[in-house]
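So the structure is just underneath, and the comments pick up after that.
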Amino acid sequence: MNQSIHQLLQLILAGFTWFLRTVEALWDWSWAQIISAFRVSWENLPAWKIAVGLIAMAILVALLVAMFRRALEAFGRIAAAFWTMAVTVFGVLLFVVVAGLFSRGFQWVVASVPDHFWEKFL
């Protein structure tokens, strides 16, 4: 059972690491594209390309504001879920520690208490 738990935790950690590395790669690529769009020389562009660029920027700003609001709500829910998960894990860990203490106590009784100790009281 202990080995299974360790393997499950390693699998979760590997999956989480892959997920975060993928997010990081997408984040870096996206910011590189955004920065390169702002480095375009606007001075030599025809009017219609400037208009398309300004419309695209306005749409992007509107999307960013909407996404920022939704992200704040989502992060609040994620924080609450993470807190619930952490408290639950702590509760399970506390249960396992108490079970370990009971097991240690039983081992101490088996090793230390004489087999016929109650005969002294009779």
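Do we have Val65 as within 25 Å of the chain's Cα centre (by Cα) and within 30 Å of His6 (Cα to Cα) here? So Val65 fails the test.
Going by what's in this entry, would Gly53 be described as among the small types (Gly, Ala, Ser) and either closer than 21 Å to Asn2 by Cα or surrounded by fewer than 10 Cβ atoms within 10 Å (Cβ to Cβ) (or both)? The answer is no for Gly53.
Contact map, region 97-114: first residue farther than 19 Å from Asn2 by Cβ, second residue part of a helix (DSSP H, G or I) and of a type in the set (Ser, Thr, Tyr), Cβ cut-off under 9 Å, separation 6 or more or different chains; the map is empty. Taken across region 40-48, residues that are in a helix (DSSP H, G or I), free of Cβ contacts under 8 Å to residues at least 60 places away in the same chain, more than 24 Å from the chain's Cα centre (by Cα) and surrounded by 10 or more Cβ atoms within 10 Å (Cβ to Cβ) do not occur at all. Out of region 74-92, which residues are open to solvent by less than 100 Å² (accessible area, probe 1.4 Å) and of a type outside the set (Val, Ile, Thr)? The answer is Ala74, Gly76, Ala79, Ala80, Ala81, Ala86, Gly91. Could you tell me whether Ala71 is open to solvent by less than 80 Å² (accessible area, probe 1.4 Å) and either over 30 Å from Ile5 (Cα atoms) or touching a residue at least 24 places away in the same chain (Cβ under 8 Å) (or both)? Here the answer is yes, as Ala71 does meet what is asked.
Entry remark, region 103-118: residues being among the β-branched types (Val, Ile, Thr) and open to solvent by less than 80 Å² (accessible area, probe 1.4 Å) number 2 in total.
The values are calculated or read from the model by the stated rules, or taken from the named source; none is laboratory data. Because the structure is predicted, anything quoted here is derived from the model rather than measured. Methodologically, a virtual Cβ is constructed for each residue, glycine included, from the backbone with ideal geometry; neighbour enumeration extends over all protein chains shown. SASA here: full protein model, heavy atoms, side chains in, ligands and nucleic acids out. Shrake-Rupley method; radii C 1.70, N 1.55, O 1.52, S 1.80 Å.
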